[in-house]
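Rule-based calculations on the coordinates, nothing more; no lab input. Quick caveat: nothing in here was measured; it's all calculated off a predicted structure. Cβ coordinates were reconstructed from backbone atoms using ideal geometry, including for glycine residues, and neighbour counts include every protein chain displayed.
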Amino acid sequence: MKTTPTACVYAAIILIAGFFLAQGLEAAPSYIDGSISFTGNVSLNGSTTSATAITSFSNVTAVVGTNGIYVPLAGSRAAVWSPFTFSPSGAPVVPLWTCATNGVSYSFDASSMAVVFTSGNFLNIQGTGIAHVTGYADTPGIWTISVQAIGASVSFTASTMVSPTNLPTIHSSLVNGNIGMSWNALAGQPYQLQTTGNPVQPAWSNILGVITTTNPTATASYPVGAESGRWFRVVVLPQ
């Protein structure tokens, strides 16, 4: 699963120079931190137990419980959600939702999704993604949506939570010419390791393919042999 996204999150750069290891975050604007909740109505292409897609959203607003960078959206601010297929997963959904106020645009792209619970009148879907806010660096986050059917009325509540702590921080070791790397991960979020030998004018190359995990930690190993210097970074992919 490869992609050339228009906006990725680049983080956790490490340098391998002999046996010297150093790491840090790539310079960027401030990262997004906060959460936002939504409410509204939806249409499904079946019952909550048989549906495979949300076909439309209506009357969607941002509601109380909004905090951090999303505070300006509190108070029934209108929002737009994109219909999507969830069985099988329709990710990526770009954007999953959008909202704006005072010239500032807020949006969130769904990178992954999974149905975690369904019953005769209830459906819950959760996943990961990447948040965008004008003037801020793209930041990984998690999202959830719960759909409830009462008679002919089908409503939903949803939330998105974003934090700089979701950015991967690499832990590494060099043993017998192989670098072992691990980083904090969001379940279902795809990551791509990249490397370059020239950090001044880097030409980053993908290595090892796209990595996803259901665990809170992702791991990888890559042979560096006797190279005198090499840089690595983790890219948080939108799909």
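Full extension of the chain between Asn178 and Asn102 gives 22.3 nm of extra length, using 0.36 nm per residue less the Cα-Cα distance. For Tyr31, Tyr106, the sequence from fewest to most other C-beta atoms within 10 Å is Tyr31, Tyr106.
Note on Phe122, Phe84, Phe38: ascending count of other Cβ atoms within 10 Å places them as Phe122, Phe84, Phe38, the fewest first. The coefficient of translational diffusion for the stretch 154-239, derived via Stokes-Einstein from the alpha carbon Kirkwood radius under 10 °C and 1.306 mPa s, stands at 109 µm²/s.
In terms of other Cβ atoms within 10 Å, Met161, Met113, Met181 run from fewest to most in the order Met161, Met181, Met113. For the pair Phe117 and Thr219, the difference between a 0.36 nm per residue extended length and the Cα-Cα distance amounts to 33.8 nm. On the beta carbon distance between Thr134 and Asn45, with R0 = 41 Å, the FRET formula returns roughly 0.75. The packing ranking, built from the mean of other Cβ atoms within 10 Å per residue, places the peptides 229-238, 212-221 in the order 229-238, 212-221, highest first. Using Cα centres only, tell me the gap between the stretch 82-105 and the stretch 149-189 in whole Å. Cα centres, the stretch 82-105 to the stretch 149-189: 18 Å. Two decimals is fine: what is log10 I(q)/I(0) at q = 0.11, 0.13, 0.19, 0.22 Å⁻¹ for the stretch 34-164, from a Debye sum with one equal scatterer on every Cα and no solvent? Reported log10 I(q)/I(0), two decimals: -0.35, -0.49, -1.03, -1.35. Kirkwood hydrodynamic radius of the stretch 85-239, from the reciprocal of the average inverse Cα-Cα distance over all distinct pairs: 17.7 Å.
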